[in-house]
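Report on the structure given below.
The values are calculated or read from the model by the stated rules, or taken from the named source; none is laboratory data. None of these values were measured; they are calculated from a predicted model. Cβ: placed from backbone, ideal geometry, glycine included. Neighbour counts: every protein chain shown. In case anyone asks, the SASA skips ligands and DNA or RNA and just uses the protein heavy atoms, side chains included. Shrake-Rupley method; radii C 1.70, N 1.55, O 1.52, S 1.80 Å.
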Amino acid sequence: GYANEVGETFRSLVPAAVVWLSYGVSSSYVLADAIDKGKKAGDVRSPEAGRSTRVTVAVVDTFVWQALASVAIPGFTINRVCAASLYILGTATRWPLSIRKWTTTALGLLVIPVIIHPIDR
């Protein structure tokens with residue numbers, strides 16, 4: 001589920017296709033989780049009349065929540081942190097570009113655990 005965050009941290013070092021692939025991995029996780037929650041909702045013993053509604057609500061709710069909490073919000077946050085740090089390092093230091101890029105990547109990786117808990121709550 002955190003593949004896109006890692007992809008975003010390496011954006012300045014790898015081709016854009018690698019970053020998009022990381023979003024594909026995270027999106028696959030979101031889809032798999034939504035399908036799993038839908039199957040579990042369908043397995044609940046209750047009158048058949050509300051089964052399809054219960055499954056649909058479970059799938060949509062899980063997909064929307066996971067897409068926001070696992071892909072969109074953290075990906076955007078890491079992207080902006082890394083872009084800002086690369087810009088600030090470029091204006092505030094005379095470090096070579098490769099050092100600035102690796103520093104930006106390290107900062108992005110360090111931010112991932114910090115942003116996870118507030119988003120999950």
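Counting 0.36 nm for each residue step from I88 to S28 and taking away their Cα separation leaves a gain of 18.2 nm.
Computed about its Cα centre, the charge dipole of the chain is approximately 220 debye, with only Lys, Arg, Asp and Glu carrying charge at their Cβ. The slack in the chain from V14 to I119, taken as 0.36 nm per residue of separation less the alpha-carbon distance, amounts to 35.1 nm. Taking the chain as a Gaussian network of alpha-carbon nodes connected by springs under 10 Å, the highest mean-square fluctuation of the residues I78, I35, I88 belongs to I88.
Can you give the convex hull volume of the alpha carbon atoms of the stretch 2-95 per residue, in Å³?
Hull volume over Cα atoms, normalised by residue count, gives 73 Å³.
Computed from the C-beta positions of A49 and L109 and an R0 of 41 Å, the FRET efficiency is 0.25 to the nearest 0.05. Based on Cα contacts under 8 Å between residues 6+ apart, the chain shows a relative contact order of 33 percent. Within the accessible surface of the chain, defined with a 1.4 Å probe on protein heavy atoms only, the carbon and sulfur portion equals 69 percent.
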